[in-house]
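Nothing in this text is a laboratory measurement; each read-out follows from the coordinates by a stated rule. As the structure is a computational prediction, the values presented were derived from the model and not from experiment. No Cβ is skipped: glycine too gets one built from the backbone with ideal geometry, and neighbour counts run over all protein chains shown.
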Amino acid sequence: MDNLDNLQGFVLFAIGRTPVTLGGVITGLLIILAGFAVARLAKLAIERVRGRSRHGQAALYIVEKLITYGVVILAFVVGMSSIGLNLSSLAVFAGAIGVGVGLGLQGVVKEFVSGLVLIFDRVLNVGDYVELEDGRRGLVQEIGPRAVRIRTNDNIDLIVPNSKFIEGPVINWTLHNRGRRIHIPFSVAYGSDREQVRQVVLEAARSVPFTLPETETEKTQVWLVEMGESGLNFELLVWPTLDAVKRPAAMQAAYTWAIADALECAGIEVPFPQMDVRLRSLFGQEGDRALDALRLEHPEAAARKRAGAPNPMTTNDAAEDLARPLPPADEPVMESRSEGNPAP
């Protein structure tokens, strides 16, 4: 026992007039490790609560970060005190840290402070769908001390430094969970009935399941935006659900497919480039009869048109993809999975 006490009281070195013993170092390290363990458990507990709650997730995320950082910092201070360092001794380390920051840790401190600003500013929250300056888009999964982790719809994780969200422009498509109006361009041939085009496209947009019901301020509309070289250029203005907004490529494809089906079923022609030579009349024959005379159309298709048979229904893969529930932000890591790789 005396040998153990002597070993614990063995002086390793001294900082100023403060001796640093082996027992103090062991105690301090144990306190710091215990602080990290407590912070980890608190993080997992809050993540579970946040995953089950539908409201207040942003506030719980702030609480999670405050508790995690606070416990670690407190454990570090108490551990240093257990080692035997007083405030006057810590001034030496503070000076050394200052030199280290001046030599190369500016980036680390900058990203950490930027992360705190993002957490408290509330312009970026976990679960928001954002678009970066370079056009990459994805769902915010985590706001860490160094970087923000974004997962694209192709299940690719982007690690973006926190300062990028402070210094450069970033589009937050779902800030405060407010709706967004989407523009879907399409074109029809000159001579088409514009009112018929409007009615057909509006009906197609309203039949899409992820289109929100219309209100006084949020209406589905069709705008004629340009007299193009080959035809009339329109835009469908529609208010989709937030889940659809978080999948912009599939949403664009789904509406475009629905518009194409609607125009085809209504017999409204889509314009072709002007470089294509189109024969409108042949020996007094026009339209389908002229094409039949030149055998430029399959006989069955021509017969179906003349008989007024409806076009066969098509499968809108993008709309089916949008009907699939959007995966939430990363679920809290369970203890049984903590040692393996987290699920995507």
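Between residue 181 and residue 67, what FRET efficiency follows from the Cβ-Cβ distance if R0 is 41 Å, with the result rounded to 0.05?
Computed FRET efficiency for residue 181 and residue 67 comes out at 0.55.
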Please sort by residue number the GluC sites (Glu not before Pro) in region 131-237 whose DSSP state is loop and whose Cβ has at most 11 other Cβ atoms within 10 Å.
-> 133, 216, 229
Points 7 angstrom from Cα along the Cβ direction at residue 256 and residue 108: gap in nanometres?
-> 4.7
Between residue 199 and residue 315, take the C-beta separation as r, use R0 = 22 Å, and let me know the FRET efficiency to the nearest 0.05.
-> 0.35
Could you put 255, 61, 190, 69 in order, starting from the residue whose Cβ has the fewest other Cβ atoms within 10 Å?
-> 190, 69, 61, 255
State, to one decimal in nm, how far the label point of residue 241 lies from the label point of residue 122, with both points 7 Å from Cα in the Cβ direction.
-> 2.7
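Sort 154, 243, 128, 193 so that the residue with the fewest other Cβ atoms within 10 Å of its own Cβ comes first and the one with the most comes last.
If I rank by nearby Cβ atoms, fewest first, I get 154, 193, 243, 128.
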Neighbour-count ranking [beta-carbon atoms within 10 angstrom, fewest first] of 251, 80 = 80, 251
